[in-house]
Amino acid sequence: MTLLLDSTQLEVVLSGVERALSRRSESVRVDRSRILRAQLTDDAWTWLRGVPSPGTLVRSTIAMGTWRSASGSDFVVVRRRHPAVVIDLAPDAEFERLVLTTRHGVALLQALRLEGADAPIDVAEIADAP
């Protein structure tokens with residue numbers, strides 16, 4: 001998974017395997033104006049709500065796809081017990097929440113606080129910058 005961020009949107013670019021496991025054919029795109037809150041977590045599993053529909057769940061190993069619950073839909077890409085970022089979205093967005101394991105969570109939170117660049121920037125590049 002690659003996270004791309006520009007002045008207008010956050011894009012979650014899925015690898016081929018992630019596309020298959022999440023049963024999603026395209027990237028997840030979220031307008032920056034729809035991002036209400038973002039926070040880091042050490043245990044993404046506690047943030048999952050509902051059931052995969054469509055998606056894949058192998059307990060304590062992977063959870064990928066759309067999770068549906070009484071309160072709405074979330075999109076998740078969770079691997080093992082890795083750190084994650086939880087992004088709450090506006091009610092009119094495609095999903096209510098994104099739960100994504102990434103080692104670049106701190107860089108993503110910092111980038112979301114800054115004015116965005118015109119061209120998409122890989123969040124990993126922000127993390128690697130001095």
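The values are calculated or read from the model by the stated rules, or taken from the named source; none is laboratory data. The structure presented is a predicted model; accordingly, all values stated were derived computationally and were not measured. Ideal geometry is used to build each Cβ from the backbone, glycine not excepted, and the neighbour counts take in all protein chains shown. Surface areas here come from the heavy atoms of the whole protein model, side chains and all, with no ligands, DNA or RNA. Shrake-Rupley method; radii C 1.70, N 1.55, O 1.52, S 1.80 Å.
Quick notes
- Restricting the stretch 65-81 to residues that are more than 14 Å from Phe95 (Cα to Cα) and in a strand (DSSP E or B) leaves a set whose member that is least open to solvent (accessible area, probe 1.4 Å) is Val78.
- Filtering the stretch 33-55 to residues that are among the basic types (Lys, Arg) and within 13 Å of the chain's Cα centre (by Cα) leaves only Arg37.
- Looking across the stretch 95-109, the residues that are assigned to a loop (DSSP other than H, G, I, E, B) and modelled with pLDDT under 95 come down to Thr102, Arg103, His104.
- Within the stretch 40-63, the set of residues being closer than 30 Å to Arg113 by Cβ, open to solvent by 70 Å² or more (accessible area, probe 1.4 Å) and not in a loop (DSSP other than H, G, I, E, B) comprises Leu40, Thr46.
- Looking across the stretch 10-26, the residues that are surrounded by fewer than 17 Cβ atoms within 10 Å (Cβ to Cβ) and either over 18 Å from Leu112 (Cα atoms) or more than 10 Å from the chain's Cα centre (by Cα) (or both) come down to Ser15, Gly16, Val17, Arg19, Ala20, Arg23, Ser25, Glu26.
- Close pairs from the stretch 1-24: first among the aliphatic types (A, V, I, L, M), partner in a helix (DSSP H, G or I), Cβ under 7 Å, at least 6 apart: Met1/Glu18; Leu3/Leu108; Leu3/Val123; Leu5/Ala111; Leu5/Val123; Leu10/Arg32; Leu14/Ser22
- Test result for Arg37, part of a loop (DSSP other than H, G, I, E, B) and in contact (Cβ under 8 Å) with a residue 24 or more places away in the chain: no
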